[in-house]
């Protein structure tokens, strides 16, 4: 594998939305939604033709144990595209969830379609239960626009899917896309956004890595992000901290309301 400078940078938890329902005056929290985001990125320094980012964001219902994963996948290369090995066609990661039907892919705002106006999800698939090993790490999930002998035969993120058998539906950088038999169209320049519903709990840890896969074969260029910002709390820990804080606040509010109720009753009786 070529020498690369690789880093993935954590974006700290972007927010926590508590949806609390008070039942029977107990003050118990019965629904909670947490959101978390991590940005993976790499830059190839030699020869410098590959660069990409993938922003993973989850919205998790911790009570129903379901959620949505969005992946903003960007090819940041400014070099010209000369072959399929310059096209970003896969991201592999680890998860314990089951992806559900209804996932979608859209061309991000400011990005363009080259060689057609096809719906990108027709040529992409999300899949779990795979086994792809890179740098002695095995990944069990991924999104792919090529089959790699693992995905396919067709896409599953839009109606009327097509066969995953080439570089079409992949993501090009901002450089010129030159004619080459290995480059199939349409391609998208420079970002696709994936929305993937799932059941289970999607966990993202500081020890996680992902794989950016280029080309249509697993032995073509691929890059790993492995360097998290040290000392950042894990998303799960942050969620638990915030849930705990929410429960404390709710209990304090409930106690204040309970203390206030006799006073209100006394005033009503005297009136």
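The values are calculated or read from the model by the stated rules, or taken from the named source; none is laboratory data. These figures come from a predicted structure and were not determined experimentally. Here the Cβ is made from the backbone with ideal geometry for all residues, glycine too, and neighbour counts use every protein chain on show.
Structural remarks
- Residues located in segment 162-178, provided they are free of Cβ contacts under 8 Å to residues at least 40 places away in the same chain and either surrounded by 19 or more Cβ atoms within 10 Å (Cβ to Cβ) or touching a helix residue (DSSP H, G or I) at 6+ places or on another chain (Cβ under 8 Å) (or both): none
- With respect to the conditions (1) closer than 25 Å to residue 48 by Cβ; (2) out of contact with any helix residue (DSSP H, G or I) (no Cβ under 8 Å at 6 or more places or on another chain); (3) touching a residue at least 24 places away in the same chain (Cβ under 8 Å); (4) surrounded by fewer than 22 Cβ atoms within 10 Å (Cβ to Cβ), residue 181 falls short on a single one, namely (3).
- Selection within segment 49-92 - over 19 Å from the mean Cα position of the chain (by Cα) and surrounded by fewer than 18 Cβ atoms within 10 Å (Cβ to Cβ): 63, 64, 78, 79, 80, 82, 83
- The set of residues from segment 97-107 being buried (at least 16 other Cβ atoms within 10 Å of the Cβ) and outside any strand (DSSP E or B) comprises 97, 103.
- Qualifying positions in segment 149-167 - under 16 Å from residue 85 (Cα atoms) and touching a strand residue (DSSP E or B) at 6+ places or on another chain (Cβ under 7 Å): 164, 167
- When 192, 205 are checked against the criterion of being surrounded by fewer than 17 Cβ atoms within 10 Å (Cβ to Cβ), in contact (Cβ under 8 Å) with a residue 24 or more places away in the chain and within 18 Å of the chain's Cα centre (by Cα), 205 stands alone in meeting it.
- Under the condition of being under 18 Å from residue 86 (Cβ atoms) and modelled with pLDDT of 95 or more, the residues counted in segment 55-76 number 3.
- Considering residues of segment 120-137 that are touching a residue at least 40 places away in the same chain (Cβ under 8 Å) and in a loop (DSSP other than H, G, I, E, B) only, the residue farthest from residue 222 (Cα to Cα): 124
- Filter pass, residue 120 being crowded, with 22+ Cβ neighbours inside 10 Å and at pLDDT 95 or above: yes
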